Structures are given as structure tokens and as C-alpha cells.
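> Here's a structure for you.
The values are calculated or read from the model by the stated rules, or taken from the named source; none is laboratory data. None of these values were measured; they are calculated from a predicted model. Cβ: placed from backbone, ideal geometry, glycine included. Neighbour counts: every protein chain shown.
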């Protein structure tokens, strides 16, 4: 792997990490919102559905980040 490819890969990994961190923060906010709704006796199904989609997206992002990291570690 040449220096430019390595730097580009590191940049992509950093971008994925930032995206994962933002998504996790958004998930914490939505979870708090859902807890508030439930405590108030309000239906939180829509928020719960959003959280499930966010979890699926998080799983995909982690897989993508890990694949990039494998490329950095095992790339030649």
C-alpha cells in the first residue's frame, strides 16, 4: 500500500468513526425521548421504530469501518 492510499484509508476510517459517534449520540437522545414518552403513558412505537432503524444503520457502519480497518492493517 502506498502512502497516499494509506492516508486516504485513514481519512475514511476517521469519517466512519465520526459518523458512528454522531449516530450513537442521536440514539441516546431518541432513547431518552422514548423513556419520557413511556413514563408519560404516550405511545412510543414511532420512536422505537426509529431506534431499530438506527441500530441497523449502526451495525452497517461498524461493519464498513471494520472492513476499512482490515484494509489498512492487511493491505499491502
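> Are any of the residues in the stretch 9-21 touching a residue at least 60 places away in the same chain (Cβ under 8 Å), surrounded by 10 or more Cβ atoms within 10 Å (Cβ to Cβ) and under 23 Å from residue 61 (Cα atoms)?
yes
> Could we say that residue 54 is at pLDDT 95 or above, within 16 Å of the chain's Cα centre (by Cα) and in a helix (DSSP H, G or I) here?
So residue 54 passes the test.
> Residue under question is residue 63, and the condition is that it be assigned to a helix (DSSP H, G or I) and surrounded by 13 or more Cβ atoms within 10 Å (Cβ to Cβ); does it hold?
no
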